[in-house]
Amino acid sequence: MLNRIFFVCLCLCLCLYSAGSAMSCRWMDHKFRQYSKNSLDLLDMMAHNSINTTEDVEVEETVALPEHLYSQVSNASAEDRLGFTVQVLKEVAALFEEDSSFASWEEKQMDDFLNIVTQQADGLRSCIVSHSHMKNKKLHMYFKRLSRHVLKQMDYSVESWELIRKEIKNHLMRSDVLISSLLTIN
């Protein structure tokens with residue numbers, strides 16, 4: 001009798017646990033593509049409002065997308081890919097919260113973009129079962145370099161923000177590819 005009760009309790013716990021993790025990942029299956037598309041569309045609209053004067057600005061190695069980090073994480077577990085993408089989105093939000101008063105895009109577009117990126121990060125974080133994901137220090141340092149060597153050294157100019165906008169678009173597209181491989185095909 002006790003064995004049956006124990007077995008029923010064990011099954012119930014396992015069902016609740018798997019239902020909880022499936023429920024949290026429903027966000028990824030149903031909302032990720034929409035949020036990803038919206039964030040990329042907003043970045044494109046921000047470009048249309050931008051004065052395109054970056055042809056003369058040389059893109060330094062500091063700005064170049066850290067391909068090696070994306071290559072490493074593309075072979076990692078689903079949890080690690082989710083954690084990495086959440087960190088990218090959080091770093092993007094932090095970068096765009098810096099002094100953007102000289103950026104040529106509208107403040108509403110900036111607010112909408114930040115809102116979508118933050119919601120996307122929160123939604124993906126809800127899909128991570130073990131919330132003890134380690135921060136990727138190289139990725140964090142890359143975003144610090146963007147802040148220091150692009151924005152600050154270029155005095156937060158229109159040109160510096162346009163460089164950042166283009167680079168962030170590359171990050172969001174790479175993150176989209178990274179997460180799309182985890183999505184359930186409907």
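Restrict the search to region 95-186; then list the trypsin sites (Lys or Arg not before Pro) that DSSP places in a loop and that have at most 16 other Cβ atoms within 10 Å of their Cβ.
Values: sites: Lys108, Arg125, Lys135, Lys137, Lys138, Lys144, Arg145, Arg148, Lys152, Arg165, Lys166, Lys169, Arg174; in loops: Lys135.
Loop-located and lightly packed - Lys135.
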message: Give me the three principal axis extents of region 104-146 from the C-alpha atoms, as integers in angstrom, largest value leading.
response: 38, 27, 7
message: Can you give me the orientation-averaged projected area of the convex hull built on the Cα atoms of region 74-162, in nm²?
response: 6.2 nm²
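Please rank Val86, Val129, fewest neighbouring Cβ atoms within 10 Å first, as an exposure proxy. Don't skip to the answer; put the middle values down first.
Details: Val86 23, Val129 12.
Result, fewest neighbours first: Val129, Val86.
If I take R0 = 25 Å and measure r between the Cβ atoms of Lys138 and Ser77 in this structure, what FRET efficiency does the formula 1/(1 + (r/R0)^6) give, to the nearest 0.05? Write out the running numbers ahead of the final one.
On the way: r = 18 Å, r/R0 = 0.73.
Efficiency computed from Cβ-Cβ geometry: 0.85.
Each reported figure results from applying straightforward, stated rules to the coordinates on display, with no laboratory input. Remember, it's a predicted structure, so these values are computed and weren't measured experimentally. Ideal geometry is used to build each Cβ from the backbone, glycine not excepted, and the neighbour counts take in all protein chains shown.
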